[in-house]
Every structure is written in C-alpha cells, then in structure tokens.
2 protein chains.
Amino acid sequence: MDLFLRAALDEARLGLEEGGIPIGSVLVIDNEIVARGHNRRIQKSSAILHAEMDCLEQAGRLTAADYSRSILYSTLSPCDMCSGAALLYQVPKIIVGENRTFQGPEAYVKSRGVDVTVVNDPECIAIMERFIATHPALWNEDIGLPT
Amino acid sequence: MDLFLRAALDEARLGLEEGGIPIGSVLVIDNEIVARGHNRRIQKSSAILHAEMDCLEQAGRLTAADYSRSILYSTLSPCDMCSGAALLYQVPKIIVGENRTFQGPEAYVKSRGVDVTVVNDPECIAIMERFIATHPALWNEDIGLPT
C-alpha cells in the first residue's frame, strides 16, 4: 500500500482504539505529511470532525499556494462536507482508500477539476465493513441517515 | 429583518468584536434557535470553523429527524464546505443574508433539493463590504484564494 494511504489507515485504527469511527486522513504537500486526522464524532461529540475535516484543521491556516500543491488522502470516499472543504481550498488531488462501503459526490468533485483516485484497498474496506456491521446506528448518524 | 437572520447578524457582529471575520449563522428547528455560530478562523486559528460549521458544531450530534426539520441561516452565501455540510445532514432549507460579496455553489445546492432563499439584506452586505475592504488578505484566505 502507498505509504501515505497507510498513514491514513493508521489514523483510522487510532480512531478505532479510541472508541471512534475508523476513518483516517492525511494531507501531503511536497511529498511530506503535513497533517493527520481521524473521525472524532464520538471522542469530541462532534458533528463536523470527519477525518478529512480533522486533518485540514490539524494542518492549520495554510495558504492557497500550500493547498495548491497538496494531496488529501482519506481511507473512505469523502462525504459532501469533506468534499466541499477540499473544493473550498482547491485541493487538486484526492486519494480515496475505498468507496465500496460509502461513496461521496465523487463525480461532482471531478467535474470541479479535482483528480480523484479510488484505490479500493482491502484493508480500508475491511475496517469499515466491520465497523458498520457492529455499529450501524453510529455509522448512519455519521452520514446523516436515520439511526 | 427576519428575527432569525437578525440573530445570525448578531453573531457576525460578535465575531467582528472578537477581531474575527464577520459572518454569523443560526440553526432553527421548530421555530426555535437551537445553535448559534460565527466564523472563528482568527479566534481559533481554524481552517474549518466558518460560521455555518461553527453553528452545526455548537448544535452537537443531532439526529437525522432533527436536521430534517431544520433551517440554516447564514449572513453570507455558504461556501463549498458549508454547503457540503448542509447537504451531508440533508438540511432542507437555507436562508442566506446576502450573496453580493461572495456566492457559494447555490445552484448545485438547489439541484440537490435544498430550498435556498437569498435575502440580500443591506446590513449583511454592508458588514462584509467593510470587512473585505479593510482586510482583503484575511478574506481571501477564508475563501481559499491567494492573499
């Protein structure tokens, strides 16, 4: 597996160890990880700290020039909110661990000029399949569905 | 002015008093304000706490049934990120104070079934015009543009 996607998956596992939803993300600029994040809905009782949002927040106030060279990695296909954050900051490239267990608005994001690559990595799929099977209500809450 | 939009504008003014970017938001359910928020980029050195995001975060972990009856007010047209958050949670209605100084992806949000109403209130326009004129770099940073 790509080392950066591996780092995002490590974040997902860290979230799981904390009792959270196992989705992780890293932001890469000039071939270096500048920020890491994971879903913190449960840990911080947060409605907005999806993995990618947490990662972008950990990165702090970057410049447009920084974002223009960045790649956002996520273990799971970014939802409407996280996709929108990437569009706001004009992140040019997103690497998605998998979109089998959930698929965000990838076609729309691509139509806005973003290079979206979906890996469908077996480990990324497996960690979400296990979580969704054991915590369906939490998962539905996280994606805005009735629990 | 609509009392709820007035409350959002009060939040924008509170942000300005704190030295922040003057954009405010409230979330209304069953004709009551359940959360208030304002842009906290400067106050919290945050890349994700736009007014609407701050408001949704202050609202906490709501159910899909809660969101389905909600109206999101913002003094300014929601950007890609904030629009995406509203789409994630299937907020059915957004009231926008103004879209003269900035316009988010309103057509896309409408195409996803959201009722978007733009008031173009003179006070909402004025507070942003003054801020943008005096702090152009901060404003550009907030919407992902080069400073």
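Quick check: is even one residue across the stretch A:45-52 at pLDDT 95 or above and farther than 28 Å from residue B:52 by Cβ? Taking every residue of the stretch A:45-52 in turn, none turns out to be at pLDDT 95 or above and farther than 28 Å from residue B:52 by Cβ. Kindly indicate whether any position in the stretch A:27-46 is closer than 21 Å to residue B:41 by Cα, facing another protein chain (nearest Cβ under 9 Å) and aliphatic (A, V, I, L, M). No, the stretch A:27-46 contains no residue that is closer than 21 Å to residue B:41 by Cα, facing another protein chain (nearest Cβ under 9 Å) and aliphatic (A, V, I, L, M). Selection of the stretch A:45-63 for residues being charged (D, E, K, R) and surrounded by fewer than 17 Cβ atoms within 10 Å (Cβ to Cβ) yields only A:61. Among all positions in the stretch A:124-139, there is no residue which is under 23 Å from residue B:105 (Cα atoms) and not β-branched (Val, Ile, Thr).
Hey, any hits in the stretch A:59-74 for a residue that's over 24 Å from residue A:110 (Cβ atoms), in contact with a His (Cβ under 9 Å, 6 or more places away or on another chain) and either assigned to a loop (DSSP other than H, G, I, E, B) or at pLDDT 95 or above (or both)? Looking for residues that are over 24 Å from residue A:110 (Cβ atoms), in contact with a His (Cβ under 9 Å, 6 or more places away or on another chain) and either assigned to a loop (DSSP other than H, G, I, E, B) or at pLDDT 95 or above (or both), one finds none in the stretch A:59-74, hence no. Determine, yes or no, whether residue A:137 is within 13 Å of chain B (Cβ to nearest Cβ), among the aliphatic types (A, V, I, L, M) and more than 18 Å from residue A:82 (Cβ to Cβ). Yes, satisfied.
When you scan the stretch A:41-56, do you find a residue that is β-branched (Val, Ile, Thr), in contact (Cβ under 8 Å) with a residue 60 or more places away in the chain and either touching a Phe, Trp or Tyr at 6+ places or on another chain (Cβ under 6 Å) or closer than 20 Å to residue B:85 by Cα (or both), even just one?
yes
Under the condition of being assigned to a strand (DSSP E or B) and touching a residue at least 40 places away in the same chain (Cβ under 8 Å), the residues counted in the stretch A:84-98 number 1. Quick check on my filter: what residues within the stretch B:38-85 are closer than 14 Å to residue B:114 by Cβ, among the small types (Gly, Ala, Ser) and in contact with a Gly (Cβ under 9 Å, 6 or more places away or on another chain)? Result: B:74, B:77, B:83, B:84, B:85. When the criteria are applied in full, residue B:21 fails the requirement of being away from chain A (no Cβ under 11 Å) and assigned to a strand (DSSP E or B). Can you spot a residue in the stretch B:121-144 that is touching a strand residue (DSSP E or B) at 6+ places or on another chain (Cβ under 8 Å) and without any contact (Cβ under 8 Å) to a residue 40 or more places away in the chain? Within the stretch B:121-144, not a single residue is touching a strand residue (DSSP E or B) at 6+ places or on another chain (Cβ under 8 Å) and without any contact (Cβ under 8 Å) to a residue 40 or more places away in the chain. Among the residues of the stretch A:24-44, not a single one is surrounded by fewer than 24 Cβ atoms within 10 Å (Cβ to Cβ), over 13 Å from the mean Cα position of the chain (by Cα) and among the small types (Gly, Ala, Ser). Considering every residue within the stretch A:110-123, establish whether at least one is within 24 Å of residue A:20 (Cβ to Cβ), in contact with a Pro (Cβ under 6 Å, 6 or more places away or on another chain) and either assigned to a helix (DSSP H, G or I) or within 14 Å of chain B (Cβ to nearest Cβ) (or both). No, the stretch A:110-123 contains no residue that is within 24 Å of residue A:20 (Cβ to Cβ), in contact with a Pro (Cβ under 6 Å, 6 or more places away or on another chain) and either assigned to a helix (DSSP H, G or I) or within 14 Å of chain B (Cβ to nearest Cβ) (or both).
Per the conditions (1) over 16 Å from residue B:50 (Cα atoms); (2) assigned to a helix (DSSP H, G or I); (3) out of contact with any Pro (no Cβ under 9 Å at 6 or more places or on another chain); (4) more than 14 Å from chain A (Cβ to nearest Cβ), the sole criterion not satisfied by residue B:132 is (1).
Go through the stretch A:64-83 residue by residue and tally those that are facing chain B (nearest Cβ under 8 Å), in contact (Cβ under 8 Å) with a residue 60 or more places away in the chain and surrounded by fewer than 24 Cβ atoms within 10 Å (Cβ to Cβ).
Going through the stretch A:64-83 one residue at a time, the tally reaches 0.
Residues are listed down the side, and each one gets a yes or a no for (1) touching a Lys or Arg at 6+ places or on another chain (Cβ under 9 Å); (2) hydrophobic (A, V, I, L, M, F, W, C):
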residue: B:61; (1), (2): yes, no
residue: B:75; (1), (2): no, no
residue: B:85; (1), (2): no, yes
residue: B:89; (1), (2): no, no
residue: B:131; (1), (2): no, yes
residue: B:140; (1), (2): no, no
residue: B:147; (1), (2): no, no
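The values are calculated or read from the model by the stated rules, or taken from the named source; none is laboratory data. Remember, predicted model here, so these are calculated numbers, not experimental data. Here Cβ is always computed from backbone atoms with ideal geometry, including for glycine, and neighbour counts include all displayed protein chains.
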